[in-house]
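Asker: So that we are looking at the same thing, I have put the structure below in structure tokens.
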Amino acid sequence: VFASCAKVVTEILNLEAEFWGPRSDMVDSLLDDLATELQKRAAVKLAAARTEFERRFGSETLLVRSTLIQQIEDARSWQYSDDVRPFECPACGSGALVLGANRVEFEYDSPADIPIATVILDATRFICEVCHLVLDGADELEAVGIDPEMENEDVDPRDVYGDYEPDEDWYRDR
């Protein structure tokens, strides 16, 4: 628990080793252990998913295999939404789903100060129904090579916070 908390605090506050003082070696060791444990957990999940894929489809011909995979992918296409995006599975290569929450980032064009809005999906879960790979959290996604912050081009930035109304008191500094 301490290692997880230390990792979050270090990342959020951008702390240097001097912050931990004489305990910095211990914290570094715990953070390394945490990263190693995460890599092992991700490797086990990938291996299990590849084994499941071979068990389910290994004895099928290429045509039958591709037909079955296409049917699985088509059956779950209704699940697509603004917060659920299709993504290629790192274990089996078929279509899978990345789930998360959208946010809007603004970049300003300096000469005109015109904001350019980009919708970013903060992915927190990955599901492949073909090989049954499930990844939970941004750490596991990163461990298998999936960037948990991905641009979501299919979503209009105005739709992300469409029902948002600013607090009148805060807005008027009351």
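Asker: Pairs needed: first member in the range 137-151, small (Gly, Ala, Ser); second member anywhere, crowded, with 17+ Cβ neighbours inside 10 Å and not in a loop (DSSP other than H, G, I, E, B); C-beta distance under 7 Å; at least 6 residues apart or different chains.
Answerer: Pairs that qualify, where the first residue is small (Gly, Ala, Ser) and the partner is crowded, with 17+ Cβ neighbours inside 10 Å and not in a loop (DSSP other than H, G, I, E, B), are GLY137/THR124; ALA138/ALA123; ALA138/THR124; ALA143/ALA42.
Asker: Just checking, how many residues over the range 96-115 are over 13 Å from the mean Cα position of the chain (by Cα) and under 17 Å from ASP154 (Cα atoms)?
Answerer: 4
Asker: Sticking with this structure for a sec: If a residue must be polar (S, T, N, Q) and assigned to a helix (DSSP H, G or I), how many such residues does the range 47-66 contain?
Answerer: Going through the range 47-66 one residue at a time, the tally reaches 2.
Asker: With the requirement that a residue be open to solvent by less than 70 Å² (accessible area, probe 1.4 Å) and not in a loop (DSSP other than H, G, I, E, B), what does the range 88-99 give you?
Answerer: Correct list: GLY95, ALA96, LEU97, VAL98, LEU99.
Asker: For residues that are in a strand (DSSP E or B) and at pLDDT below 85, scanning just the range 100-115, find the one that is surrounded by the most Cβ atoms within 10 Å (Cβ to Cβ).
Answerer: Among those residues, the one meeting the criterion is PRO115.
Asker: Would you confirm, using the coordinates I've provided, whether ASP32 is modelled with pLDDT under 85, among the charged types (D, E, K, R) and surrounded by 13 or more Cβ atoms within 10 Å (Cβ to Cβ)?
Answerer: So ASP32 fails the test.
Asker: Filtering the range 48-80 down to residues that are touching a strand residue (DSSP E or B) at 6+ places or on another chain (Cβ under 9 Å) and among the small types (Gly, Ala, Ser), which residue is surrounded by the most Cβ atoms within 10 Å (Cβ to Cβ)?
Answerer: My answer is ALA49.
Asker: Any idea how many residues of the range 67-87 are under 19 Å from MET150 (Cα atoms) and either of a type in the set (Lys, Arg) or not in a loop (DSSP other than H, G, I, E, B) (or both)?
Answerer: Here the count works out to 6.
Asker: Also, quick follow-up: Can you report the number of residues in the range 116-138 which are more than 21 Å from ILE72 (Cα to Cα), open to solvent by 70 Å² or more (accessible area, probe 1.4 Å) and either over 13 Å from the mean Cα position of the chain (by Cα) or among the acidic types (Asp, Glu) (or both)?
Answerer: Number satisfying all stated conditions: 2.
Asker: Tell me, please, whether a residue that is at pLDDT below 90, polar (S, T, N, Q) and surrounded by fewer than 12 Cβ atoms within 10 Å (Cβ to Cβ) can be found in the range 17-24.
Answerer: no
The values are calculated or read from the model by the stated rules, or taken from the named source; none is laboratory data. Because the structure is predicted, anything quoted here is derived from the model rather than measured. A quick note on method: Cβ atoms are made from the backbone with ideal geometry, for glycine too, and the neighbour counts reach across all protein chains shown. These area figures cover heavy atoms from the full protein model, side chains too; ligands, DNA and RNA do not enter into them. Shrake-Rupley method; radii C 1.70, N 1.55, O 1.52, S 1.80 Å.
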